[in-house]
1. R252's amide H: which non-local residues (gap 5+, or another chain) put their own amide H closer than 5 Å, with H modeled 1.01 Å from N in plane and none for Pro or chain starts?
2. So how strong a dipole does the stretch 223-378 carry about its Cα centre when Lys and Arg Cβ are +1 and Asp and Glu Cβ are -1, to the nearest 20 debye?
3. Can you compute the modelled spin-label distance between Q159 and Q111, with each label point 7 Å from Cα toward Cβ, in nm?
4. On a full-extension model of 0.36 nm per residue, what is the gain between E375 and E210, subtracting their alpha-carbon distance, rounded to one decimal in nm?
5. Among the lysines, which fall within straight-line cross-link reach of K389, defined as a Cα-Cα distance under 24 Å, with same-chain neighbours fewer than 8 residues apart omitted?
6. In the full protein assembly as shown, how much of E210 is accessible to a 1.4 Å probe, in Å² to the nearest 10?
7. With all protein chains present, how much of the accessible area of the stretch 223-378 (probe radius 1.4 Å) comes from carbon and sulfur, to the nearest whole percent?
8. P(r) for the stretch 223-378: what percent of alpha-carbon pairs falls in each 10 Å bin, starting at zero?
Amino acid sequence: MDRDPLSSDEEDDRQTLIHQNDTKPSSTPPRRSHSAFDVEDFPSRVPIRRFNISLKRRYLMAIVLPLLIVVLYLFTDIRSIFASKFPTLKLGSLDNRMRESELRALYLLKQQQLGLLAMWNRTLGPSASQNSSLSGANSSEAKQNDRFLEDYRSAVLRQISLNKEIQDVLLLPHQSGNSSLEIGGSDSGDPSFSGLGLDRCKKVDQRFSERKTIEWKPKSDKFLFAICLSGQMSNHLICLEKHMFFAALLNRVLVIPSSKVDYQYNRVLDIDHINQCLGRKVVMTFEDFSDIKKNHLHIDRFICYFSLPQHCYVDVDHVKKLKGLGISMGKLESPWVEDVKKPNKRTIQDVQAKFSSNDDVIAIGDVFFADVEQELVMQPGGPLAHKCKTLIEPSRLIMLTAQRFIQTFLGKDYAALHFRRHGFLKFCNVKSPSCFYPIPQAADCISRLVEKANTPVIYLSTDAAESETGLLQSLIVANGRVVPLVKRPARNSAEKWDALLYRHGLDGDSQVEAMLDKTICAMSTVFIGASGSTFTEDILRLRKDWGSASVCDGYLCQGEEPSFIADNE
């Protein structure tokens, strides 16, 4: 069994002392008698006692001293003791030197900022293409010069932003409450910084007050049956918008097609919204129309806007579907020769002269390709007088769902990209120039625009394969960082942003999802679309009507040709 080392040492010392006292000299002195004051014997005993007391004190100090140090360490601010004890270290003077250096750096940054702003203002003059058009220079050279100028502007603006960021970091320790130091003047006092040109992707002034509109005051017993056949949902929405214009010109109520022959519009649009915007009944569903007409569902005149390549752009299958609804009709007729591939520019007077009728129910089909008063039709808010931003817009449920998605994943500032790929390669390559770009070139175009807009994320609406979007994601870099591409995720019960669609049975509907994509894109800070896509065109219409359009909006790699184009079949 181990012994206590302290007790072992004490016993050894004690044995040594006893041994010394017990050792007797060889010659024994004469023995004396003991008395109370035996002086000679007293000194021989005192050293032994004093030595024992000294030894105990040493061991006591060995135990207590470490404990004392630990207590002092835990409960005493040693640094403050030394700081107050030894003021000669002059820590304050070091702080003063650091403060002076920071202020000096702020002053120099302010001077740099003013120089950069002066350079920026010099870039805001006429573009090279404008100058070259006056001098007759080669247009491709002018575009190249514009591209160089745009890159130069981006570089200058990037340095201005970096300069401001450094100033803010240096100012942070000097701020007290709501006030901060002003080094060489504030930004608000600098008209160049707070004024022209720094918001490179500002909103477009749509000048709504300057709109030219016509009134839509239909006769309650006169109806226009809309016929929309070409393309997908986006084409049909554009077709419906034009039919509304025709109905207003002809003073008729517009009948929205049945879902049995067309899309289920009530899942993506709020029909009542249109009536509320005009303050009267101007549109109705096919179901309401059939209730009014009861057993007499007859189209009195079926007038074709286009006669070529076939009447009304209507095929036999569609006619059968209309008859399947119990609708009877006469012969298809056309008031003029009009080719879908080469539409003529028509006026309001042309439409009223050729399509006016005393019949109760007429149908006009298909007007998607019609070119009637384009300047009036393409105005922000459309050609009709109303009290809303736009007449054809997503339903309230889709709008709310889009807002919840943005709040969850994107935030206020984000770019949106419609990146169409499926079937687009062949479609684009028959055009001149082609609108189908290799992924690296597309990524470069997107990066430049996102850097200009200074948005942290990109919402991606696409039909592209994962192999393409994955490569695209890895190549989009702005301001030295990869910019995330955000797509709508698959439904997850833990996420609540899409709960409204789920509760109303609208989840999983491809048309609802397409309209949701349009809405998210239409609410973005800046939008990049696909040239030639009506999906993109409908987003641009919404952005224009809602007032969210940016000066940076446009098509992917606009003005550029693809770096490589495959041969046609």
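The values are calculated or read from the model by the stated rules, or taken from the named source; none is laboratory data. Predicted model, so just to flag it, every value in this text is computed and none were measured. No Cβ is skipped: glycine too gets one built from the backbone with ideal geometry, and neighbour counts run over all protein chains shown. Side chains included, ligands, DNA and RNA excluded: accessible areas come from the protein's heavy atoms. Shrake-Rupley method; radii C 1.70, N 1.55, O 1.52, S 1.80 Å.
1. Counting only residues 5 or more places away or on other chains, the set is K219.
2. 240 debye
3. Once both label points are built, they end up 1.5 nm from each other.
4. So the extension gain works out to 58.1 nm.
5. In chain and number order, the partners are K202, K203, K212, K217, K242, K281, K412, K518, K544.
6. That residue has around 120 Å² of solvent-accessible surface.
7. Of the solvent-accessible surface of the stretch 223-378, carbon and sulfur hold 47 percent.
8. The percentages, shortest bin first, are 10, 44, 38, 8, 0.
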